[in-house]
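The values are calculated or read from the model by the stated rules, or taken from the named source; none is laboratory data. Source: prediction; values computed, not measured. As a convention, Cβ positions derive from the backbone with ideal geometry for all residues, glycine included, and neighbour counts pool all protein chains shown.
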C-alpha cells in the first residue's frame, strides 16, 4: 500500500518527481506568494524591476501557504492535482521536512545558512496571499493545516498515521544530512560549526515553540524527546565497530549497501540505484525498474534495465481482483441479495490506479523484453543480478544488518558477489531519470543539489 511507504524511500524517490510537478504548476498558474508579485509585476499589474524578488529568490523557491489549499470549486488552481491522491500525504510531510530544516538552520544556526543555501536551495514558505500579508516565513505546520486532507477525500486518520511516520524519521534524517555534508561535527568546514553536535540540533527544535506547536507539533515533540534521550545515552555519534573519529549514520537516509566480490574484493556502492527512473512512453510516464547488473562494455557493475518482474505484477493485479470477488461474496451473504443485484467487481479508486500502472508496466515489459540496456552506456550486452539484495535496517546502529549471497559470478574472476552494509554512507543529489521507449536516457531532473 502506497501510504505505508517508508519516508526515506519516498523522499529519495517519488518526491523528486512530485516536487518538480508542484513547481511546474506554480510556474504555469502562478503562486499566491507576494514574492512572486515582486518578481513579476507591481500592484497595478505592470512589470516591476524589484531588487527584492531576485535577491530572495536566489535562496530558494518561494510559495505561499495558500498554494496548498484545495479550492475544489475551480476558483483557483490545485497545485497538487498532478500528484496521485494516495501520495499527497507523503508529499506534504516531505515538504514540511525541507521547509522545517531550512527554518531551523535560519533561526538557530546562522553560521550554517550559507552551506544550506548552496546545498539545498530549499523552498521558502511565506505568509503572504498576493499583495496581502507580510513577506515573512510561515510556520511549516501551516503546510499540513492548509492541505486539508478531508477536503481532498483523504481520511484524517490516514494523514495522522503518515505524519507519525515522518515525525519519527525527520530528526534522524536531518542530523544525518548535516553530518555527512560537513555542516556540523568534527569534519565541518568551519571551526564554529564543529562545535555543533547532533544533540544541539535536536534540542534547538525542542526548545523552539514554533517546532512543537499544535496537534502535529505534539507528535513531533515526542519524537524529538526520543531522539534527544537516545543521543544523550550514546554520547558522540560514533559507531562502536568503527575507528574512532568516524561518524556514525543515525538514520537510513544515507545508510547504504555494497556489492563485493568474495574473491577479488571488487566493490560497488548501491548509490547507483538511487533516484527514480521512468520511461516517457507516449503521453505517459511508466516506471523503469533498475537493478545492478554486469555490463560487458562498461566492464563493471552498473544499473541496468530490468523486465523480469512480470509475474509479480500479474500476481498483484490478480490479488486485487480476488479480494474484490471475495468482498462481493461477503456482501451477498450479509445482505441476502440475489447474485445479479450486486455488481460483479467492486474496486477502490486506489486499486484501479494500481492496476492501470501495473498494466502500463506490463505493456512496457512486452515491448522491452530482450532489448534491455545498460543505463550508463546504453549497451545491450548486460547480465542483471536478479537476486533480492535487500537487508534489514537497524536503527540502533544506523546500518544495514547481515549479508546475502547473490549467486551472481563476477565475470573474469569467478568470485561471487555478496551484498552487505557499506562502511561509507550514500551522498549525492536527488535525481530523476527519463528514458525513451528504446531505453535511452533523455534527460535528468535534479531537485536538490549535492553539497
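Of the residues making up the range 347-402, those that are farther than 14 Å from residue 306 by Cβ, in a loop (DSSP other than H, G, I, E, B) and at pLDDT below 85 are 347, 348, 390, 391, 395, 396, 397, 398, 402.
Which of the strands (runs of 3 or more DSSP E) contained wholly in the range 277-326 include at least 2 residues that are surrounded by fewer than 18 Cβ atoms within 10 Å (Cβ to Cβ) and touching a helix residue (DSSP H, G or I) at 6+ places or on another chain (Cβ under 9 Å)?
Working: elements: 284-287, 290-295, 300-305.
Answer list for the range 277-326: 284-287.
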